[in-house]
Amino acid sequence: MTFPWLVADVGGTNARFSLVTAEDGSGFQFEHTQTLPTAGYLRFEDCLQAYLAQLPAALSKSVCAGCIAMAGPVVGDQVSFTNLDWHLSRSALQQQLGWNQLCLLNDFAALACSMPHLADADMQPLLPGTVVPRAAKAIVGPGTGLGVAALVYTPVGWWPVPGEGGFTAYAPQSPRELAVAALLQPRMYLYTEALVSGGGLVLTYNSLAEIDGLAERASEAAEVVDLALQQQQPLALEALQMFCDSLGTAVGSAALLYGAKGGIYLGGGIVPRIADFLVRTGFEKRLRERGRQTAFMADIPVFLITHPYPAFLGAAAWLQQQLVNANG
């Protein structure tokens, strides 16, 4: 195959780019990796061109194919990013770039595609269990939003199943969660991502403060995490505990939906920062206690994806398969 290819992982906050320069027995080779803040660009095309412009001119012109993993549903040629006011036509962008192939892929579908290419060292066990070979895998991760996807085994190999699980209705389970839901529900459609995401952690913190008549307010998830883990502020600790519990509810629901006996794999930007705290919360109880299906959930293992750029792996693997298919 002819290289280089461009791969990108575009979330609500950052756009990460890299070039795939080779593929051998050790896997794909990535070079010229760079992260750009999405807030600095009016369109995805501008962000992409900014990345290409910093490459050596000859290298930039030699890119022949690409795969963009994006936070949002990919349906047809016209796509929109969920947490950005960006819209994109795949065919128009491919024509503009002059590439042989351009693929658009949901970002958590790309994460799902990375699973067969990750080594044991790229995953940290969080909860014990048994991985059933060729059983479905659930991939969930809170960041700017809440990504949800699955990987299922088919007669042609592993296949990603993307979705917009972050926009399923929020399911409060505790009195304090019900109180937050009662406060917010008249103001908005209360979906899971609204509370189980970076912005959701802030919203939970501020909502608890409002309910309790406290003056404290936060504007960034990192601020709440710092208040909880470094300063042991009671309000922040409660908000982070509620976040972890609600994440357990969301993850368990995804595992039930997909029948994920192949394991649950957590991605996104938040869990790596709070992993030690997460396993001491009600996360596991919420994940596993499912009424008549509690036994089904009892031995599903949970892993934290620790590879620095798993979506690049998935995007490269997906693009490789599309190129193979195109060439017969």
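The values are calculated or read from the model by the stated rules, or taken from the named source; none is laboratory data. Since the structure is predicted, the reported quantities are computational estimates derived from the model, not experimental observations. Quick reminder, even Gly has a Cβ in these numbers, built from the backbone with ideal geometry, and neighbours come from all protein chains shown.
The rows are residues; the columns are (1) within 19 Å of F283 (Cβ to Cβ); (2) of a type in the set (A, V, I, L, M, F, W, C); (3) in a helix (DSSP H, G or I).
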{"position": "V180", "(1), (2), (3)": "yes, yes, yes"}
{"position": "D226", "(1), (2), (3)": "no, no, yes"}
{"position": "Q232", "(1), (2), (3)": "no, no, no"}
{"position": "A239", "(1), (2), (3)": "yes, yes, yes"}
{"position": "V251", "(1), (2), (3)": "yes, yes, yes"}
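Contact annotation: residue pairs with Cβ atoms under 6 Å, 6 or more positions apart or on different chains, pairing a residue in region 72-93 that is at pLDDT below 95 with a partner that is among the basic types (K, R), are D77/R90.
Within region 1-29, the set of residues being touching a strand residue (DSSP E or B) at 6+ places or on another chain (Cβ under 8 Å), modelled with pLDDT under 95 and surrounded by 15 or more Cβ atoms within 10 Å (Cβ to Cβ) comprises T13, E23. Evaluated against (1) under 22 Å from V324 (Cβ atoms); (2) surrounded by 15 or more Cβ atoms within 10 Å (Cβ to Cβ), G141 falls short on exactly one condition, (1). With respect to the conditions (1) farther than 20 Å from A15 by Cα; (2) more than 19 Å from the chain's Cα centre (by Cα), P116 falls short on a single one, namely (2).
Is at least one residue of region 301-308 of a type in the set (V, I, T) and in a strand (DSSP E or B)? The answer is yes, given that some residue of region 301-308 is of a type in the set (V, I, T) and in a strand (DSSP E or B). When you go through (1) within 24 Å of the chain's Cα centre (by Cα); (2) buried (at least 17 other Cβ atoms within 10 Å of the Cβ) one by one for L208, which number turns out not to apply? All conditions pass for L208, except number (1). Within region 131-138, the presence of a residue that is in the same structural domain as F296 (by TED's automatic domain parsing) and within 16 Å of R16 (Cβ to Cβ) is excluded. Pairing residues of region 11-38 that are within 19 Å of A53 (Cβ to Cβ) with residues that are exposed (fewer than 15 other Cβ atoms within 10 Å of the Cβ) and acidic (D, E), at Cβ distances under 8 Å and at least 6 apart in sequence or on separate chains, gives S18/E31; L19/E31; T21/E31. Of the candidates A194, A228, the single residue that is free of Cβ contacts under 8 Å to residues at least 40 places away in the same chain and either outside the structural domain of G141 (by TED's automatic domain parsing) or surrounded by 19 or more Cβ atoms within 10 Å (Cβ to Cβ) (or both) is A194. Candidates are the residues of region 101-114 that are outside any helix (DSSP H, G or I) and touching a residue at least 40 places away in the same chain (Cβ under 8 Å); the one that is farthest from L266 (Cα to Cα) is Q101. In region 117-132, the condition of being part of a helix (DSSP H, G or I) and not charged (D, E, K, R) is met by at least one residue. When Q173 is tested against (1) part of a loop (DSSP other than H, G, I, E, B); (2) out of contact with any Asp or Glu (no Cβ under 9 Å at 6 or more places or on another chain), just one condition goes unmet, and that condition is (2). Would you check which residues across region 212-224 are in a helix (DSSP H, G or I) and more than 20 Å from Y191 (Cα to Cα) and list them? Selection gives D212, A222, E223, V224. The condition of being free of Cβ contacts under 8 Å to residues at least 40 places away in the same chain and aliphatic (A, V, I, L, M) holds for only one of A275, A295, that being A295. Of the residues making up region 91-110, those that are more than 15 Å from F3 (Cα to Cα) and surrounded by 16 or more Cβ atoms within 10 Å (Cβ to Cβ) are L93, Q94, L97, C103, L104, L105, N106, D107, F108, A109, A110. Among the residues making up region 299-328, a single one is surrounded by fewer than 24 Cβ atoms within 10 Å (Cβ to Cβ), among the β-branched types (V, I, T), in contact (Cβ under 8 Å) with a residue 60 or more places away in the chain and over 18 Å from A71 (Cβ atoms): T306. Answer yes or no as to whether A71 is small (G, A, S) and in contact with a Lys or Arg (Cβ under 8 Å, 6 or more places away or on another chain). No.
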